[in-house]
Amino acid sequence: MFDTMVPETKNYTSVSFPTDHYFIRHDSCGSDVLVITFERAGGKQERPNPNRPGWGHKFIRKRGFDGLYIMPAFVDWYRQQSLPRFFEFLKASGFFRQYRRVVLYGSSMGGYAAMQFSDIVQPDAIIAFNPQTSLNKTVVPWENRYDRGLVQDWEEEQSDAVRHIHPDAELTLFVDPFNKRDMSHARRITDAAPQARLLKIPFGGHETANALRDLGALSTVVEGLILGDFDASVFHNAVRERRKLENYRSRFEFRYSQRQRRAAFRSGHDDSQQGISWAAE
């Protein structure tokens, strides 16, 4: 089933691995850095095209890294057993040992997978934007955003990603501190993985990767994390500029109006429509 390996060459090659439930492609340009990416849940639930670009493909190829792209045929939250078997096969074959650095990278559902399979892959780094940890109602009773994901089997303990985080991996999380459910997942991760670095993007919503992209810092920040030479000042300087983003302003104003309405309800009068002075921030 998994007997096709990438030829040892410095030329660009692309090899697909046939598996049940997933389209998997390895693109190689002879780099000593491998980035493994997982698609997120947003968009179409059924994804029958095996030739689509993998998540982060354009960035990874432009930066000259090798990529291993995991693409579900259906948004199943990577819960099918064919995927851990695939990673076990790669590990046993010595596939990962050809690389100086191996990085797992994903957002939301993809961030879940990046952590979930890290105990098998044993990567040097994990990069996760708005990562989820589980959809098991017993474990995360406050999580109700993913109807299609909730129908998957989450009952067994091994479905909880915090149980699988490789302890020696550099783990970086990006999250909006005002997104309560995403922050609740992040706290579960930091409680389980003391090495986790939590980078906050206020009012980035569940799209912190897009927010960082709009700030012009996504590629630089992610490349630094992939290579292991992340410069925190680049991230923090970019986040300070977030007030210039339209999405930031709209989310700030929405949250501000919510707080005003709650305050008005408690005080017995409504002044929630009063203006917001951005110059005063």
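Every number in this text was worked out from the coordinates using simple rules, so none of it is lab data. These figures come from a predicted structure and were not determined experimentally. In this analysis, Cβ positions are derived from the backbone assuming ideal geometry, glycine residues included, and neighbour counts consider all displayed protein chains.
Measuring between alpha carbons in the structure, the pairs from LYS58/LYS137; LYS62/LYS200; LYS62/LYS180 lying more than 32 angstrom apart are LYS58/LYS137; LYS62/LYS180. Going by neighbour counts of Cβ atoms within 10 Å, the residues MET183, MET109, MET71, MET115 line up, fewest first, as MET183, MET71, MET109, MET115. Taking a point 7 Å from the Cα of GLN98 along the Cα-to-Cβ direction, none of the residues of segment 213-228 has its backbone N closer than 11 Å to it.
By the beta-carbon count within 10 Å of each Cβ, the least crowded to most crowded order of ASP119, ASP20, fewest first, is ASP20, ASP119. Going by how many other beta carbons lie within 10 Å of each one, how would you line up TYR12, TYR146, fewest first? With the fewest neighbours first, TYR12, TYR146 line up as TYR12, TYR146.
Between the amide H of GLU39 and those of TRP55, ILE70, distances stay under 5 Å, these residues lying 5 or more places away or on another chain, with hydrogens modeled in the peptide plane. What the Kirkwood sum gives for segment 43-90 is a hydrodynamic radius of 12.3 Å, with every pair of different alpha carbons counted. Take the Cα of VAL15, step 7 Å toward its Cβ, do the same at SER233, and the gap between the two points is 4.3 nm. Roughly what percent of Cα-Cα pairs across segment 13-244 reach past 29 Å? In whole percent, the share of Cα-Cα pairs in segment 13-244 beyond 29 Å is 21.
Measuring between their Cα centroids, segment 148-188 and segment 33-94 lie 18 Å from each other.
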